[in-house]
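So the structure is just underneath, and the comments pick up after that.
Read the figures in this text as sums done on the coordinates, not as results from a lab. All values derive from a computational prediction rather than experimental measurement. FYI the Cβ positions are ideal-geometry reconstructions off the backbone, even for glycines, and counts take in every protein chain you see.
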2 protein chains.
Amino acid sequence: MVSSKDVAKHAGVSQTTVSRVLNTPELVKPKTVEKVMKAIEELNYIPNDIARSLVQKKTGIITLISGPLHNPFFVDTTTAIVNYVNARGYKVNVYFGTEDNLHSIYNAVLETKADAIILSSMLYQDDLFFKLEKLGIPFIMFNRKHQENRHFVEIDNVQAGYLATNHVLSLGHQSLCWIGGPHQMSTFYGRYQGFARALKEQGIDAKSVPTFFTNTNKQDIESAFEELLKLDKRPTAICAATDAIAIEILNLCLERGFQVPRDFNVIGIDNVELSKHHSISLTTVGITAEENLGFLAIEKLFEVMEKKSTCIQQTESVKLFPRNTTCKNELI
Amino acid sequence: MVSSKDVAKHAGVSQTTVSRVLNTPELVKPKTVEKVMKAIEELNYIPNDIARSLVQKKTGIITLISGPLHNPFFVDTTTAIVNYVNARGYKVNVYFGTEDNLHSIYNAVLETKADAIILSSMLYQDDLFFKLEKLGIPFIMFNRKHQENRHFVEIDNVQAGYLATNHVLSLGHQSLCWIGGPHQMSTFYGRYQGFARALKEQGIDAKSVPTFFTNTNKQDIESAFEELLKLDKRPTAICAATDAIAIEILNLCLERGFQVPRDFNVIGIDNVELSKHHSISLTTVGITAEENLGFLAIEKLFEVMEKKSTCIQQTESVKLFPRNTTCKNELI
DNA sequence: CACCAAAATGGTTACGTATTCATTTCTTTA
DNA sequence: TAAAGAAATGAATACGTAACCATTTTGGTG
């Protein structure tokens, strides 16, 4: 390993000067710069970013704790976040959290020196929030929020659930069902509230409507769907709490020979890129803004890092994206 | 920032002992361990992994240079790689390379101390290969390989192109076309060779068949597809060099009111997870092994890091996965 | 109790850089 | 030409840890 000391010796200057050539060349005589650069070339010297991090107390690393990529939402957000961070000259440590490994990820992350953390895995009540505050580095949640109500960028989940439900109701569907995730996550809780509110406005009691609160892995969604098929009165419209669930429901429907929207209407929430593919063409509700939640969050995180902001509390408006998995209820 | 020195002072021991408590507690008296642990608790001490990296010359970081996630192949491989690396207690620095940013990514990566590098972006002739060898740390390519023919895990690209082409030929299609990428990438080059060979076996000259060598972004694929539609004799089957291209072709077909496979047969290569979705159900050719290329490569990379192997040169066999985007040619 | 080996602990240094402060060299001006 | 100020360079140090070597303490044995 060739160090700046070696370069210094080879160029006949001090290590300090080598450091200056790399960081503040305007403070060093052009001729010396030349001499040092030549030595750097000849020795094939590469500065040690670890040593630099140690002395500067800056790692240039952002930690991202994302959900798994089989969920297309995280495909979109991970893309946006990684590209943004790299474009800013930082590095990204990526983790894909699931129920199984989340705890060990948290341990690893808390022991890693990063300049900031962006994550989507937080529960509404989660000790992690306070551990992160103790760490003393900036962090932000996207998609979900904590009950402390700080450091998050989310969509208006209640409104999203409301708009989705209203859409299928207005198409004449009266027999709905809901497939969502655990309510410890603010996302699922809020969206279900919107669902219930829309029903209530039509004089329907949400408790009378079949609801499935499932984990978001393939198997559990399939189990929920099997349950759904066993219902006495099959719903004509399935409201999924996320596009990921909706797209998996589509898959399960087609696998069993059902047609969508003929046999089931399906609507999601998130408006992920994949939902726009014409083979999917999923009706959904999503953010009004041009950029996705991941982008908005990482942008805000950098503002915090640069002390331009301190506390982010951002709720983005949503709108309906009608596509081909919903249609008028012919049975009316 | 509380350091191990602070802990030492607070516990009334030396910094060396604190270090030992954390790394080799079996060498320290239980009572002392207890004392130190208590001090660690009380001061909320977290070891500085940067300082540790500096002295140990190990960062615990693997750098991944992947393609963008709008290509579903990289969704699968990134998932496998990140999860594998994290499970092994390492961190992953992720980059998504495109034509635009690849150069700056290389610069960043070469100046970053990582324990190893895994990448898919290498060209067949690429200076990067030699720069990486100079770096002196283990690296591996997945999907593509370099002409030096070292450090790679790939599928049998020629065979893949051959099987895909043969499949549509055997279904009675005689008017084919090829949509692939630049031949500086070993993947595209090999697959096209297989395409040409299959045609030749049927007495067809590959040069007489419409071929499109496009960049793999949406726009360029669309341009190629528009060209295709202008052909005097429209092909009945489209052979795409990757599932990513094939899935985008599907999208373009449906967008224009064509039906697949009625109006066009479409076949891809890679057998990405998304191709299995029943809304897509893409006929494709893919790896015979259970695990994807990313997984196989990262597994091998760790073997190299642990000195169990030195040079990886692995070509995986492939097979056909017939699904619903191909069918017998009715026009015969 | 004396002695010795083993166990436990501590002092010091190295890792490779940026930074602080001191010193030398150069340039300008009276 | 001398003095003063600016520009350029260098020496020493800090960052926080692990590792090496030296020293002290402990426990067992004759």
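Counted residue by residue at 0.36 nm each, then reduced by the alpha carbon distance between them, the extension gain from residue B:183 to residue B:299 reaches 39.0 nm. Counting only Cα atoms, the protein assembly as shown measures 79, 69, 49 Å along its principal axes, largest extent leading.
Placing a label point 7 Å from Cα along the Cα-to-Cβ direction at residue B:200 gives distances to the equivalent points in the other copies of 7.3 nm, listed shortest first. Under the shape rule built on the C-alpha gyration tensor, where the axes satisfy a ≥ b ≥ c, chain A is prolate, since a/c reaches at least 1.5 and a/b is greater than b/c. Relative to the dominant Cα principal axis of chain A, helix A:72-87 is inclined by about 20°.
Take the Cα of residue B:306, go 7 Å toward its beta carbon, and the backbone nitrogen atoms of the range B:62-78 under 17 Å from that spot belong to B:62. Relative to the longest principal axis of the Cα atoms of chain A, the long axis of helix A:30-43 makes an angle of roughly 70 degrees. Each Cα pair under 8 Å and six or more residues apart adds its separation to the average, and for chain A the resulting relative contact order is 17 percent. Across the range B:119-173, Cα pairs under 8 Å and at least six residues apart give a relative contact order of 29 percent. Axis angle, to the nearest 10 degrees, between helix B:293-305 and the longest C-alpha principal axis of chain B: 40 degrees. Listing A:37, B:141, A:122 from fewest to most neighbouring C-beta atoms within 10 Å gives A:37, A:122, B:141.
Note on the range A:4-56: with charges restricted to the Cβ of Lys and Arg (+1) and Asp and Glu (-1), its dipole about the Cα centre is near 200 debye. In a reduced charge model with +1 at each Lys and Arg Cβ and -1 at each Asp and Glu Cβ, the protein assembly as shown shows a dipole moment near 1680 debye about its Cα centre. When peptides A:224-236, A:97-109, A:71-83 are sorted by average Cβ neighbour count within 10 Å, with the highest value leading, the order is A:71-83, A:97-109, A:224-236. Label-point distances for residue B:232 to the equivalent site in the other copies, using a point 7 angstrom along Cα→C-beta, read 6.9 nm when ranked shortest first.
Arrange B:142, B:129, A:264 by Cβ neighbour counts within 10 Å, fewest through most, would you?
Starting with the residue having the fewest Cβ neighbours, the order is B:129, A:264, B:142.
For the protein assembly as shown, with the dipole built from +1 on Lys and Arg beta-carbon atoms and -1 on Asp and Glu ones, taken about the Cα centre, which of B:157, A:28, A:240 lies farthest toward the positive end? Looking along the dipole axis, the top candidate is A:28. Suppose every Lys and Arg Cβ carries +1 and every Asp and Glu Cβ carries -1, with no other charges. What dipole size does the range A:26-105 come out with about its Cα centre, to the nearest 20 debye? Result for the range A:26-105 is approximately 560 debye, rounded to the nearest 20. Would the range B:130-184 count as rounded, prolate or oblate if I go by the C-alpha gyration tensor, calling it rounded below 1.5 in a/c and otherwise prolate when a/b exceeds b/c, oblate otherwise? Prolate is the answer for the range B:130-184, as a/c is 1.5 or above and a/b outweighs b/c. Counting Lys and Arg as +1 and Asp and Glu as -1 over every other residue whose Cβ lies under 12 Å from the Cβ of residue B:255, the net charge comes to 0. Just list whichever of B:29/B:308; A:200/A:276; A:131/B:58; A:91/B:57; A:307/B:9; B:91/B:276 have alpha carbons separated by over 25 Å in the model shown. Result: B:29/B:308; A:200/A:276; A:131/B:58; A:307/B:9; B:91/B:276 exceed 25 Å.
Could you give the length gained on full extension between residue B:135 and residue B:202, defined as 0.36 nm per residue of separation minus the Cα-Cα distance, in nm? Please list the in-between numbers first.
Details: separation 67, 0.36 × 67 = 24.12 nm, distance 4.79 nm.
Stretched fully, the residue B:135-residue B:202 segment lengthens by 19.3 nm.
Normalised by 2.2 N^0.38 Å, where N is the number of residues, the alpha-carbon radius of gyration of the range B:221-332 equals 1.34.
The modelled label-to-label distance for the pair residue B:254/residue B:215, using points 7 Å beyond Cα in the direction of Cβ, is 2.6 nm.
Once the Cβ-Cβ distance of residue A:227 and residue A:103 is raised to the sixth power relative to R0 = 41 Å, the FRET efficiency obtained is 0.90. Our compactness index for the range A:157-287, the C-alpha radius of gyration over the empirical 2.2 N^0.38 Å, is 0.94. The ranking of B:312, A:179, A:204 from fewest to most other beta carbons within 10 Å of each one's beta carbon is A:204, B:312, A:179. For residue A:127, the distances from its label point to the matching points in the remaining copies are 5.3 nm, ordered from shortest, with each point set 7 Å beyond Cα toward Cβ. Look at the Cα gyration tensor of the range A:4-56: its axes a ≥ b ≥ c give a/c of at least 1.5 with a/b at or below b/c, and that counts as oblate.
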